[in-house]
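Reading through the structure tokens given below for one structure.
Please treat every number below as a calculation from the coordinates, not as lab data. Only a predicted model underlies this, so the values are computations on that prediction, with no experimental measurement involved.
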Amino acid sequence: MRIHFEKSGGFTGIGVSTTVDTSELPPDQAARLLEELDASGILEQPPETLESVPDVYEPDVIIYELTLQVGGYEHTYCMTDESVPETAQPLFRQLTLMARRSPYLDD
């Protein structure tokens, strides 16, 4: 599974992004990430139910974009920090850490 994650906006306006292919991660790290994705409940939601990004952005609002690719399946979920399901917060924290460790801010 390929996971593309972007976090932008917020007080500083500095964004981070990363693209992760779980087949290229160490097995324990891939398993943890996939467990967090499963526990997030995002896979059970059609993308349009989680799309809550306003047309006009508030200056301090954090915008998250998550694109999941498996074979021919690809869906993008867009959320703000206020609309991220509580169950997805550990996943987004982990992806944010992975993006910050990336040698490039934009993969």
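Worth a mention:
- The overall shape of the range 59-98, judged from the alpha-carbon gyration tensor, is prolate: a/c is not under 1.5, and a/b is greater than b/c.
- Near the amide H of VAL61, within less than 5 Å, lie the amide hydrogens of GLY10, all on another chain or at least 5 residues away, with H placed in the peptide plane.
- In Hz, Karplus ³J(HN,Hα) per residue of the range 36-41 (6.51, -1.76, 1.60; θ = phi - 60°; x = Gly, Pro): 5, 5, 4, 5, 5, x
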